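The structure under discussion appears below in the form of structure tokens.
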Amino acid sequence: FSPTVAVARAQIQQEPSLETPEGTGINISCSHSSIGTGDLIYWYRQLPGLGPELFVSVHKGFKELPDKAGSLSVSADRKSSALYLSRPGLGDAAVYYCALGA
């Protein structure tokens, strides 16, 4: 399992790539220091050969993703977020993008 993360826009920073053994939890982090008060934090996933699809969005706090076996957490100042996949499998190998928007 080799999820890849990429920069969605200039003020967002993500790891260029991450790997984990199948079934071992992984955190994909995103730094968005210039986030605006009304901005939502969006995470997209792009599976091989397909276009990006919205994976999850949140404004602040912590969000369980029971249907995706994971969670999304946002720091108290909202300047970073982390997508946690608790039991990733081969079907989760994808490009994960973090983005901001109203």
For this session: Kindly list the number of the only condition in (1) open to solvent by less than 30 Å² (accessible area, probe 1.4 Å); (2) in contact (Cβ under 8 Å) with a residue 40 or more places away in the chain; (3) over 27 Å from S34 (Cβ atoms) that fails for R78.
Result: (3)
Exercise. Applying the selection to segment 1-18, what residues are over 21 Å from A102 (Cα atoms) and either assigned to a loop (DSSP other than H, G, I, E, B) or modelled with pLDDT of 90 or more (or both)?
Worked result: F1, S2, P3, E15, P16, S17, L18
For this session: Those residues that are in contact with a Phe, Trp or Tyr (Cβ under 8 Å, 6 or more places away or on another chain) and surrounded by fewer than 13 Cβ atoms within 10 Å (Cβ to Cβ), I need them from segment 81-102; list them, please.
Result: G89, L90, G101
For this session: Look through L72, L83, L50 and report the one residue that is at pLDDT 95 or above and assigned to a loop (DSSP other than H, G, I, E, B).
Result: L50
For this session: Residue by residue through segment 59-69, note down the ones that are open to solvent by less than 100 Å² (accessible area, probe 1.4 Å), part of a strand (DSSP E or B) and at pLDDT 95 or above.
Result: K63
Problem set entry | Residues of segment 19-28 that turn out to be part of a strand (DSSP E or B) and open to solvent by less than 50 Å² (accessible area, probe 1.4 Å), as a count | 2
For this session: State which residue is nearest to S17 (Cα to Cα) when the search covers only segment 33-53 and only residues that are exposed (fewer than 11 other Cβ atoms within 10 Å of the Cβ) and not β-branched (V, I, T).
Result: P48
Seminar exercise, completed: Restricting segment 86-102 to residues that are out of contact with any His (no Cβ under 8 Å at 6 or more places or on another chain) and part of a strand (DSSP E or B), the one farthest from T24 (Cα to Cα) turns out to be G101
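The values are calculated or read from the model by the stated rules, or taken from the named source; none is laboratory data. Remember, predicted model here, so these are calculated numbers, not experimental data. Note that each Cβ is placed from the backbone with ideal geometry, even for glycine, and that neighbours are counted across all protein chains shown. Quick note on the areas: whole protein, heavy atoms, side chains included, nothing else; ligands and nucleic acids left out. Shrake-Rupley method; radii C 1.70, N 1.55, O 1.52, S 1.80 Å.
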